[in-house]
Amino acid sequence: MRTPFIAGNWKMNLDRTGAVALSKAIAQATLPEGVEVGICPPTVYLGDCLAETDGSPVGVGGQDMHFEPNGAFTGETSGDMLVDIGCRYVILGHSERRQFFGETDASVNKKLMVALEKGLIPIVCVGELLEQREAGQTQQVVQEQVEGSLAGLTPEQVAQIVIAYEPVWAIGTGKVATPEQAEEVHADLRSLLESRYNTESSSKVRIQYGGSVKPGNAEELLAQPNIDGALVGGASLQAESFLAIIEAAQATR
Ligand code: PGA
């Protein structure tokens, strides 16, 4: 049985007061049993959010990291630094990183190796563009991203990662994939992992759905057998909607 995992990706949003208030509200809420909860604030507010969530079950994560431990990489944050301040997670290969910052499967792969070595739980994002879906290429695109990003991992390492399937056309657009569309990709992904690694590892990997997840659509998505949580952008910026999605995850267990 996979523990559902709801993670909030705050992206480049909120100010310090807002980040502190939001992390405090989530940490102090009565969270349902059996759902893992994480928040990924902007890097400069990680310390504040870690302080607010200290002692609560809420984990904190970075939105990206560099694969080198330190050095002349202006503007970057290393996995060691995330671990040093107490982060539990790191998002890797988000479509916005791929689209605007030149992230590739090869760079995600390097980061993923380091994240696992450092004990961070990586959330590896994959997903197709609208034109790729319309051209019937979804399965192929997502498969290539997974194979490239996970290259060289052992079955034991694969079992530890989280994959977020986020159709790019559904991110921040209000256009959510139907539960059937999402489940189809999630089931394909799990079979791919089973064929490349083994049944034990593939059955342990949590595959989150992401893309316009809201309280109103979360339950039907999370009820799908291969959807093990959600990576939530817009709706994670308010405690009320984020907590409602966490409740929905519990309701489908
Ligand atoms: P959204 O973002 O929920 O605002 O669509 C999801 C994401 O980009 O992770």
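Some points to look at:
- Once C-alpha pairs closer than 8 Å and six or more residues apart are averaged by separation and normalised to the residue number of the range 15-94, the relative contact order reads 29 percent.
- Cross-link pairs beyond the 25 Å C-alpha cut-off, checked among LYS11/LYS204; LYS24/LYS214; LYS110/LYS204; LYS11/LYS214; LYS24/LYS111: LYS11/LYS204; LYS24/LYS111
- Equivalent ellipsoid semi-axes - Cα gyration tensor, the range 46-160, angstrom: 27, 15, 15
- Overall dimensions of the chain as given by Cα atoms, namely Rg and Dmax in Å: 16.7, 48
- Order by protection proxy (mean Cβ within 10 Å, highest first), peptides 206-218, 183-195: 206-218, 183-195
- Stretch gain in nm, segment GLU184-GLN139, where the contour uses 0.36 nm per residue and the Cα spacing is subtracted: 15.3 nm
- Annotation: extensible slack from ALA223 through THR74 equals 49.3 nm (criterion: 0.36 nm per residue apart, minus Cα-Cα distance).
- Couplings 3J(HN,Hα) for the range 201-209, derived from phi with the Karplus relation 6.51 cos²θ - 1.76 cosθ + 1.60 (θ = phi - 60°), are 5, 5, 7, 8, 5, 8, 10, 7, 9 Hz, where x marks Gly and Pro.
- Inter-part distance where the range 29-79 and the range 203-228 are each reduced to a Cα centre, Å: 22 Å
Each reported figure results from applying straightforward, stated rules to the coordinates on display, with no laboratory input. Owing to the predicted nature of the structure, the values given are computational and were not obtained by experimental measurement. Glycine also receives a Cβ, built like all others from the backbone with ideal geometry; neighbour counts cover every protein chain displayed.
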